[in-house]
Amino acid sequence: MQSSKEKSLDDLKLRLAVYDRPSSLRKDGRRVFVHPADVSGRFTRLRHILFYILIAIWAVLPWIHVGGRPAVFLDVPRRRFFFFGYSFDATSFWLVWFVLTGVLFGLVFMTAILGRAWCGYACPQTVFLEGVYRKIERWVEGNRNERIALDQAPMSWDKLWRRLVKHFLYILVSLFISHMFVAYFVSMPSLLEMMTRPPWEHPYAFAWCFGVGAILYGNFAWFREQLCLVICPYGRLQSILLDDDSLVVGYDEKRGEPRKKGKPKEGEVRGDCIDCGRCVAVCPTGIDIRNGLQVDCIACAQCIDACDEVMKKIGKQPGLVRYDSLRGLRGEVRRFFRPRIAFYVLIGILLYGSGFALCLSQPRVEARIVRLRGLPFFVEGNTVRNAFEVHLINDSDWKRTFRIHAAVNGGEGSVRIGDEETAVKLVELDGWKDGRVTVVVRTPLEKERAGKELKVKVEADGDQKILSAPLLGPNN
Ligand code: SF4
Ligand code: SF4
């Protein structure tokens, strides 16, 4: 039976053994929990500023209203999506195609030029892990060496309270993030109201807050970089998205090799790399960038800052590890414009241009027309009656007045809206309410109805939507 001291020694040997080819996975397939060392430098500063800007935008958006509506809000029960004053319902679902292909295309385009900049600077996994959870860990358990020592130490009061405090803070942060996430689906005022009431009055929202919080906690407390390495499909696609001219984080082998520790002997030929291992120690995915471009690299540039610091100390030029293309690292000239980029720009203009134009052409009045249930038409003496229902939706916070104007298009006929023989009617709706109004059309029996239709113009707040429905009868 192995004593705990022998076990931790074995563990340490395994930990050191993986430095043959550092990674967050051991040779036997087990995981090495990565504890990156602290690093400072221009890229680390830039990333952290960006992290806090992104977190602030994400946390503030649910509180902002544009035109009386939440700025970004996916109203699941009403099947509506609000985006900076525009609202889309299920009939606008085709726009999702533009959004998804647009996002996908944006990522492909950005990767071809900037490599994995998204992963290192803006992916929520990196933003929250590096900007929040890792900070908590550093604050409670100390620097890299202290954290590794704590991991390997047997349970003690010191270890216990640090673990309890760390996980308590993780849970608090996870619940905060999950509530902010749910606010995008139930709106912030509703979420705040729900939080003052018992969970059984809003079981779905509660389950989502709790479930998302649990996933976030599991991911950021334990799974971490493994999500990028084994789950994220974007990371897996790097080999086809990058080319020799894409920007990557790379090690200048020509300059760095042959690497060697210690002081150089008289006349010894050496590269600039002093094999200090600092670039490996700071890496959040636990890899060695000197082994070349790897799928595990999220282009966070921490190794650049770390190596620049080392180069500065030993009086050498920074940039041994740097942002460059594979071509640039080979000493060739990097090409920015290439046929692939020109093709992407063309597709991007077409895709985003048509998407924006279609978005802007969406009316801000929500109304639909449907034929009333039952027979499609009625013959009454020498007239034919067609009956419809106009569904009006007020998707704003305030009371709105809808002006309905109905007319027979392309022929004779009388129109009745609601209970009145009128072609024009005003309907008032309170904020977030909808209403239904019947429209009955009578046309002469002997007349041909082919091509004739009911046209309904619905106006509100200076915008309008035109609805139409065919008129049916015994002749068609
Ligand atoms: S930090 Fe720089 S000098 Fe140190 S091992 Fe890495 S590449 Fe070599
Ligand atoms: S190799 Fe460098 S850029 Fe890549 S993940 Fe590690 S530290 Fe970040």
Q) Do the conditions hold for Gly435, that is, is it modelled with pLDDT under 90 and within 29 Å of Pro77 (Cβ to Cβ)? A) no
Q. When you look at Gly353, is it in a helix (DSSP H, G or I) and either over 30 Å from the mean Cα position of the chain (by Cα) or away from ligand 1 (no atom under 16 Å from the Cβ) (or both), yes or no?
A. yes
Q. Looking at the stretch 362-376, which of the residues that are surrounded by fewer than 21 Cβ atoms within 10 Å (Cβ to Cβ) and among the charged types (D, E, K, R) is farthest from Gln464 (Cα to Cα)?
A. Arg373
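Against the condition outside the structural domain of Asp324 (by TED's automatic domain parsing) and in contact with a strand residue (DSSP E or B) (Cβ under 6 Å, 6 or more places away or on another chain), how does Ser187 come out, does it pass? Outline the logic, then answer.
Numbers: outside the structural domain of Asp324 (by TED's automatic domain parsing): yes; in contact with a strand residue (DSSP E or B) (Cβ under 6 Å, 6 or more places away or on another chain): yes.
Criteria met by Ser187.
Identify, please: which residue in the stretch 309-325 is assigned to a helix (DSSP H, G or I) and more than 16 Å from Asp288 (Cα to Cα) and is, among those, nearest to ligand 2 (Cβ to nearest atom)? Even if it seems obvious, please write down each step before you answer.
Residues of the stretch 309-325 that are assigned to a helix (DSSP H, G or I), as a first pass: 309-313.
Filter again for more than 16 Å from Asp288 (Cα to Cα), leaving 309, 311-313.
Working: Glu309: 13, Met311: 15, Lys312: 18, Lys313: 19 Å.
Ranking the qualifying residues of the stretch 309-325, first place goes to Glu309.
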Q) Would you say Gly319 is exposed (fewer than 14 other Cβ atoms within 10 Å of the Cβ), at positive phi, in contact (Cβ under 8 Å) with a residue 40 or more places away in the chain and among the small types (Gly, Ala, Ser)? A) no
Q: Go over the candidates Lys261, Lys254 one by one and state the one that is surrounded by fewer than 16 Cβ atoms within 10 Å (Cβ to Cβ), modelled with pLDDT under 95 and farther than 24 Å from Arg330 by Cβ.
A: Lys261
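Select from the stretch 356-376 the residues that are in a loop (DSSP other than H, G, I, E, B), over 28 Å from the mean Cα position of the chain (by Cα) and not small (Gly, Ala, Ser) and write down the one among them that is nearest to Trp398 (Cα to Cα).
The selected residue is Val365.
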Q: Sort out for me the strands (runs of 3 or more DSSP E) sitting completely within the stretch 27-115 that have 2 or more residues that are surrounded by fewer than 18 Cβ atoms within 10 Å (Cβ to Cβ).
A: 72-75, 86-89
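List the helices (runs of 4 or more DSSP H) inside the stretch 205-308, counting only whole elements, that have at least 3 residues being within 16 Å of ligand 1 (Cβ to nearest atom) and assigned by TED's automatic domain parsing to the domain that holds Tyr323.
Numbers: elements: 233-236, 238-241, 253-256, 278-281.
The helices (runs of 4 or more DSSP H) meeting that bar are 253-256, 278-281.
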Q) Is one or more of the residues making up the stretch 326-342 within 15 Å of ligand 2 (Cβ to nearest atom), at pLDDT below 90 and not charged (D, E, K, R)? A) no
Q) Can you tell which of His65, His48 is modelled with pLDDT under 95 and closer than 23 Å to Ile177 by Cβ? A) His65
Q: Check the stretch 124-136 and report whether any residue there is touching a Leu at 6+ places or on another chain (Cβ under 7 Å), farther than 29 Å from Gly250 by Cβ, crowded, with 17+ Cβ neighbours inside 10 Å and at pLDDT 95 or above.
A: yes
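When residues of the stretch 377-408 are filtered for being over 46 Å from the mean Cα position of the chain (by Cα) and loosely packed, with under 14 Cβ neighbours inside 10 Å, how many remain?
The initial filter retains those residues of the stretch 377-408 that are over 46 Å from the mean Cα position of the chain (by Cα), namely 377-386, 408.
Then drop every residue that is not loosely packed, with under 14 Cβ neighbours inside 10 Å, which leaves 379-382.
Residues in the stretch 377-408 being over 46 Å from the mean Cα position of the chain (by Cα) and loosely packed, with under 14 Cβ neighbours inside 10 Å: 4 in total.
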Q: Could you grab the pairs with beta carbons closer than 9 Å, sequence gap of 6+ or different chains, first residue in the stretch 271-296 and within 18 Å of Gln226 (Cα to Cα) and within 7 Å of ligand 2 (Cβ to nearest atom), second one among the aromatic types (Phe, Trp, Tyr) and not in a helix (DSSP H, G or I)?
A: Ile289/Tyr251
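The values are calculated or read from the model by the stated rules, or taken from the named source; none is laboratory data. As the structure is a prediction and not an experimental result, all values here were calculated from the model. Counting neighbours? That spans all protein chains shown, and the Cβs are built from the backbone with ideal geometry, glycine included.
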